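**Student:** To start, I am sharing the structure in question, which I have written as structure tokens.
Taken together, the values in this text are just the output of simple stated rules run on the coordinates, not laboratory data. Just so it is clear, the model here is predicted, and its values are computed rather than measured. In this analysis, Cβ positions are derived from the backbone assuming ideal geometry, glycine residues included, and neighbour counts consider all displayed protein chains.
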């Protein structure tokens, strides 16, 4: 035994390697290779990130983030490693000469011997592990550190502690991070000290009498004292955390929190401070009695003061008179929530919403609104764009298109727009190879746009920009789309001067013939002409062809991270991008506009919401519309408008909400990366709009926080909700999501002219679907009222149908069903598809408008075409082949100019159906009813016979329509009211 350590006899060393034994150098060599591969992988990731940031002129973002992460890694990692290693060394050096008791297992003595023999190596390994563990955890908190380091005052104090809100948004999170690291460092040091003392006999819990040596007792006392001291600080910090804690009713300090939890936290902090002092005193007194008593007192106090006292106060004092006790705190929550979500200027007015028809004078006053009623549904006509404007199978459009506005001639029109992008996954299998995927099919071509309120005679959109090369009303622009939502994961472009081009530009030349080829000349992309860069990117994408292919030359560039939303996330990692970037033609360039949000979950008293839940509707996650991250927030601002050039990939960030303290903070952290709002050009300004995701969050909050009175808020007597999308489909496991908001031009009461707006509706929170409010926000960025919410509150004593009820009326109206019957027949090979159900104020009431499309149910090349427009005003329902016709029917008078004029006025107009058509449709209804009855009886022969009768009746209706002069493609529309079929075809789905 030496120095209190039990020595074991050494085993004789082997003089030579036994048969089958591997060389000793093999394992170290393999380990070294693994470490080198890991280091090279890390280097590849870091260096290619640096090259990407250089390619978009944002090297400062890369250096700031990397420098901050390295700083935190080194400081916290070294601090943790130093603390743990120091405690191990102290425990080792103060080990007793004689163990307090024999070890219960001889293996522990063996471990102690090995550590003594290889002490330096063990300490080095332990320190490295602690450095990596602590540094990795710390580097992930770089956003919290930078926000704290560059914090900007809000200029507004919280309503309880009277401290600037910046403390809660910036300081409090960083203090929590430091507290967490403090706990980790002390706990790991304590564990390491306990293990070391145990290995060397200084700590034996099973020993009779003294269980720890004097040195161990001192070391344990100091570490436990530090741990309790951190707990005291935690109790004190918890007081500020109550401002954003969730109670049963709301986020923030409640009556119980103010009168029980807050005082208990202060008392517990003092008790913990005294308890820590007892542990430190144990260094001198060397008795665990007083620290043990202090710990018991602290635990009992935590139970009594931290749990039982608040529970008793809540049950005995608050519950019996909760509305009175919580009123003041509810008021604070209402005020803070409206501030944090930008809802202070919301205007709520009562709106009679007449249910009778409008007068001619009212309709004449609102005639200017009619051209803004958008009939082309961007969530429906994606396949139409694709079939009519795809040109080749490797081009594609998103399933959900975008709505913008363009000045065409002397008027500004709502426009449905999409970019024709390349999608290599659609290439025929015979054309799929590395060269085609990454060097030939590198970019899309052109923008396709359609007037939102017009249709052609066959029901297809009226395009304002179309074809290859692009023609139309949007003027000349650079049509090549190298950066988009469906671009390949990476493409290699560029060639030396004089080299033949290989990138496919258009499938044919201007006058037909061979495809045209192009060589990329934009400034975007990372140069990979050097062997080093090629090796790095071959490693990054795990593709040796980058290193070996002859298509990669000294002038080559690689384009990657091409989705505009992803590029904005990388360029401004402190932003939360909107889920729906949209394209626009601005100053001869196609650009993607991405709205960026600054968010926080630490605004005092503001109600928290889950960002992903609050922004989810039937369009989210479908096509290119991204789902927001699942994080809680209680503050949001649309602080930045980002622009990504579709040709060169450049990213421009413009400050939008220049008063936002979070934006000011991040602009200090990343100076020079965000341009002032004044730099936005008029052309770009004309395409900026109020973004959807922040609108969804705000409408979610306004469903409850339109109420300003604490008593009404508590009773939930005026609680609203966003209705489910009536055209959506759902299951028991996946219910129908909320109705999405809609962009359209409308005139709210009090406005002189129609404004491009983002709209939504509310229904009561109860199990009712009648309309309770209509909401619109001015979405024109150049408007002085941009961002102003206007809510029309509908009377509670009048039954005004909501979207679901109106949709039900459309589906059950006998006239509409009869008109759609030929489309929905099983033999027709088509079905009706309902578009967006728009709501807007008109003529003193509320007008519902819904387009209906017909689409073939099977076969290639199927796409929806607009057939009818359904309208509802009050109790009246009507339909027509144009909006003007439908409005004329529902109001019994001519309404303004035709907002969707026929581009081909010489085309014959289908005449109204005659009595023969009505009778034939009635016979078809009866035959379907008889077939339904036969099927229920199990009479299959009768069922088949009646189906044949129904088909024959439909054929008679079509034949009768064909006999009407100048009606080559009749659409039988009964003027009477035929009976409703009891077994109609499957209901049209949206």
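**Student:** Please give the Cα centre distance for the stretch 166-236 versus the stretch 407-474, rounded to the nearest Å.
**Tutor:** After rounding, the separation between the Cα centres reads 64 Å.
**Student:** Compute for the stretch 234-330: radius of gyration divided by Kirkwood radius, i.e. Rg/Rh, restricted to C-alpha atoms, rounded to two decimals.
**Tutor:** Here the Rg-to-Rh quotient is 1.12.
**Student:** Averaging over every viewing direction, what projected area does the convex hull of the Cα atoms of the stretch 424-521 cover, in nm²? Present the calculation step by step, with values, prior to reporting the outcome.
**Tutor:** Numbers: hull surface 34.5 nm².
Its average projected convex-hull area is 8.6 nm².
**Student:** Using the count of nearby Cβ atoms within 10 Å as a rough guide to exposure, how do 237, 611 rank from fewest to most? Present the calculation step by step, with values, prior to reporting the outcome.
**Tutor:** On the way: 237 16, 611 23.
Taking fewest neighbouring Cβ atoms as first place, the list is 237, 611.
**Student:** Beyond 20 Å, what share of the Cα-Cα pairs of the stretch 458-566 is found? Please give it as a whole percent. Each step should come with its number before you reach the end.
**Tutor:** Details: 3134 of 5886 pairs.
Summing the P(r) of the stretch 458-566 above 20 Å gives 53 percent of all pairs.
**Student:** Can I ask one more? Could you line up 30, 324, 194, 330 from fewest to most neighbouring Cβ atoms inside 10 Å? The partial results should precede the final answer.
**Tutor:** Numbers: 30 10, 324 13, 194 20, 330 24.
Ranked by crowding around the Cβ, least crowded first: 30, 324, 194, 330.
**Student:** Next question. For a bin width of 5 Å, list the pair-distance distribution of the stretch 785-870 built from all Cα-Cα distances, rounded to whole %.
**Tutor:** That works out to 3, 11, 18, 19, 15, 11, 9, 6, 5, 2, 0, in percent per bin.
**Student:** Considering Cα pairs under 8 angstrom that are at least six residues apart, work out the relative contact order of the chain and quote it in whole percent.
**Tutor:** Once normalised by length, the contact order is 11 percent.
**Student:** Write down the percent of antiparallel bridges among all DSSP beta bridges whose residues are both part of the chain, to the nearest 5.
**Tutor:** 95
**Student:** So how tilted is helix 692-705 from the main axis of the chain? Cα-based, degrees 0 to 90, rounded to 10.
**Tutor:** Helix 692-705 sits roughly 80 degrees off the main axis of the chain.
**Student:** I've got another one for you. Mean residue ellipticity at 222 nm from the helices of the chain, using -39,500 (n - 2.57) per DSSP H segment of n ≥ 4 over the full residue count, to the nearest 500 deg cm²/dmol?
**Tutor:** Working: 26 runs with 375 residues, N = 990.
Roughly -12500 deg cm²/dmol at 222 nm, from the helical runs in the chain.
**Student:** Report, to the nearest 10°, how far helix 59-93 tilts away from the longest principal axis of the Cα atoms in the chain, using its own Cα long axis and a range of 0 to 90°.
**Tutor:** Taking Cα atoms only, the helix is inclined about 30 degrees.
**Student:** Along the three principal axes, how long is the stretch 373-562 when you take its alpha carbons, biggest first, rounded to the nearest angstrom?
**Tutor:** The principal-axis extents, from largest down, are 57, 31, 30 Å.
**Student:** For the chain, count all C-alpha to C-alpha pairs, find those more than 44 Å apart, and express that count as a whole percent of the total.
**Tutor:** Values: 247079 of 489555 pairs.
Beyond 44 Å sits 50 percent of the P(r) for the chain.
**Student:** Here's a follow-up. In percent, how large is the relative contact order of the stretch 378-509, given Cα pairs closer than 8 Å and 6 or more residues apart? Each step should come with its number before you reach the end.
**Tutor:** Working: 227 pairs, mean separation 31.0, N = 132.
About 23 percent, as a whole number.
**Student:** For 630, 55, which order do you get if you count the other beta carbons within 10 Å of each Cβ and list the fewest first? Please list the in-between numbers first.
**Tutor:** Details: 630 9, 55 22.
With the sparsest Cβ surroundings first, the list reads 630, 55.
**Student:** Roughly what angle does helix 26-55 make with the longest principal axis of the chain, taking Cα atoms, 0 to 90 degrees, to the nearest 10?
**Tutor:** Roughly 50 degrees between the two axes.
**Student:** Return P(r) of the stretch 563-688 (all Cα-Cα pairs; 10 Å bins starting at 0; whole %; ordered from short to long distances).
**Tutor:** Bin by bin from 0 Å, the calculated values are 13, 41, 35, 10, 1.
**Student:** Obtain the radius of gyration and the Kirkwood radius of the stretch 658-817 from its C-alpha atoms and give Rg over Rh. The partial results should precede the final answer.
**Tutor:** Details: Rg = 19.4 Å, Rh = 18.5 Å.
In the stretch 658-817, Rg relative to Rh is 1.05.
**Student:** Still on this model: Divide the volume of the convex hull of the Cα atoms of the stretch 570-609 by its number of residues and quote the answer in cubic angstrom per residue.
**Tutor:** Values: hull volume 4.1 nm³, N = 40.
Residue-normalised Cα hull volume stands at 102 Å³.
**Student:** Just the C-alpha atoms of the stretch 159-251: what Rg/Rh do they give, with Rh taken as the Kirkwood radius? Present the calculation step by step, with values, prior to reporting the outcome.
**Tutor:** On the way: Rg = 19.3 Å, Rh = 16.0 Å.
That ratio equals 1.20.
**Student:** Oh, and also: Taking the Cα atoms of the stretch 108-229, report the difference between the largest and smallest coordinate on each principal axis, in whole Å and largest first.
**Tutor:** 63, 33, 17
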